[in-house]
Amino acid sequence: MAPAGSSVEGHGVTSRSAQGRAAGDGRGTRLRVAVHKFGSCDGCQLAFLNAGEALLALAGRVDIVHFAEAGPYAPEARVDVAFVEGSIGTPEEVERIRQVREHARVLVAMGACATSGGVQALRNLAQAADWVARTYPDPGAVHVLAESRPVSAYVAVDLELAGCPVTTRAVMEAVASFLRGAPPPAAREKLCLECKRAGHPCVLVTRGEPCMGPVTEAGCGALCPGLGRACYGCFGPAELSEPDALAGRLAALGLDPAAVRRRLLAIHAGAPAFARAAARIGEGARGGDDG
């Protein structure tokens, strides 16, 4: 594992080192920015493209030198900030992420895949070779690692943006902080606080929905609870969360052990806090309904 460095948490943002707080000099210097894709669905890259007028304003302050989905293509360019979407799942991706790290002053892992392995990390719970053999007619032509892992497993990460997908707001706040040469705002809280501020009734208490809000990091604006649906944990483990206690509460709602495991592992199977809680539920609990 790459060294984590010091930690400064922000709204949907986690700073991993002093380097991550000093990409800009605070005097309006134009930043060279790259956006790289690894194993993912492209959803986090859309956080840039969906910015609308803010993207036009951003173009006036930064030079986007590599962003294959948007047009510019220069994957080996040296940049001030490299945003990375996706998990690392092949030998080629290991070499490529090391090259990205070498060519960037600051590396930002954005979204669930880049920060914890994402949905792809579900294959870490099985034999990857078996999955490949069942899926491809020539398994020998497919070269994958035994596990799908986050970016921080291979290189030092300066900033993590939570979410599946990450929000446009978090991306723009991160870029703004680099331009100012200042750290992101320090506050990392649970989704339940967003629900309370928005006045949403607790779906876990009032409706008996298997909500992941008590252990999930805020940042989505409590989207699902605001629609009367349980949180699925898209933003990953919150600081000082207690997934074991929530697992007990979900079991009391009637979910069988397999269903509780799936709630913990569906999006962030590679997040240590969720993975440890799921393992303690029992290795035999792998079947059953989703609840």
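Exactly one residue out of 214, 237 is within 16 Å of the chain's Cα centre (by Cα) and closer than 16 Å to residue 273 by Cβ, and it is 237.
Figure legend. Inter-residue proximity from region 29-52: first residues part of a loop (DSSP other than H, G, I, E, B), second residues among the basic types (Lys, Arg) and surrounded by fewer than 23 Cβ atoms within 10 Å (Cβ to Cβ), beta-carbon distance below 8 Å, spacing 6+ or different chains. Indicated pairs: 30/61; 38/96; 45/37. Once region 174-186 is narrowed to residues that are touching a strand residue (DSSP E or B) at 6+ places or on another chain (Cβ under 9 Å) and in a loop (DSSP other than H, G, I, E, B), the residue that is surrounded by the fewest Cβ atoms within 10 Å (Cβ to Cβ) is 186. When the criteria are applied in full, residue 171 fails the requirement of being part of a loop (DSSP other than H, G, I, E, B) and either modelled with pLDDT under 95 or in contact with a helix residue (DSSP H, G or I) (Cβ under 6 Å, 6 or more places away or on another chain) (or both). Report whether or not residue 121 is more than 19 Å from residue 159 (Cα to Cα), surrounded by 15 or more Cβ atoms within 10 Å (Cβ to Cβ) and at pLDDT 90 or above. It is true that residue 121 is more than 19 Å from residue 159 (Cα to Cα), surrounded by 15 or more Cβ atoms within 10 Å (Cβ to Cβ) and at pLDDT 90 or above. Does region 180-190 contain at least one residue that is of a type in the set (Asp, Glu) and within 22 Å of residue 37 (Cα to Cα)? Scanning region 180-190, I find no residue that is of a type in the set (Asp, Glu) and within 22 Å of residue 37 (Cα to Cα), so the answer is no. When region 131-161 is filtered for residues that are under 30 Å from residue 178 (Cβ atoms) and either surrounded by fewer than 11 Cβ atoms within 10 Å (Cβ to Cβ) or not polar (S, T, N, Q) (or both), the ones remaining, listed by number, are 149, 150, 151, 153, 154, 155, 156, 157, 158, 159, 160, 161. Being in contact (Cβ under 8 Å) with a residue 40 or more places away in the chain, assigned by TED's automatic domain parsing to the domain that holds residue 35, out of contact with any strand residue (DSSP E or B) (no Cβ under 8 Å at 6 or more places or on another chain) and within 30 Å of residue 79 (Cα to Cα) holds for only one residue in 144, 108, and it is 144. Scanning region 60-70 for residues that are of a type outside the set (A, V, I, L, M) and under 24 Å from the mean Cα position of the chain (by Cα) yields 66, 67, 69. Determine whether residue 101 is modelled with pLDDT under 95, surrounded by fewer than 20 Cβ atoms within 10 Å (Cβ to Cβ), assigned by TED's automatic domain parsing to the domain that holds residue 175 and not hydrophobic (A, V, I, L, M, F, W, C). Criteria not met by residue 101. Looking only at residues in region 53-78 that are among the acidic types (Asp, Glu) and part of a loop (DSSP other than H, G, I, E, B), which one is nearest to residue 96 (Cα to Cα)? Across region 53-78, the extreme among qualifying residues is 76.
The values are calculated or read from the model by the stated rules, or taken from the named source; none is laboratory data. Remember, it's a predicted structure, so these values are computed and weren't measured experimentally. Positions of Cβ are generated from backbone atoms using ideal geometry, with glycine treated the same way; all protein chains shown enter the neighbour counts.
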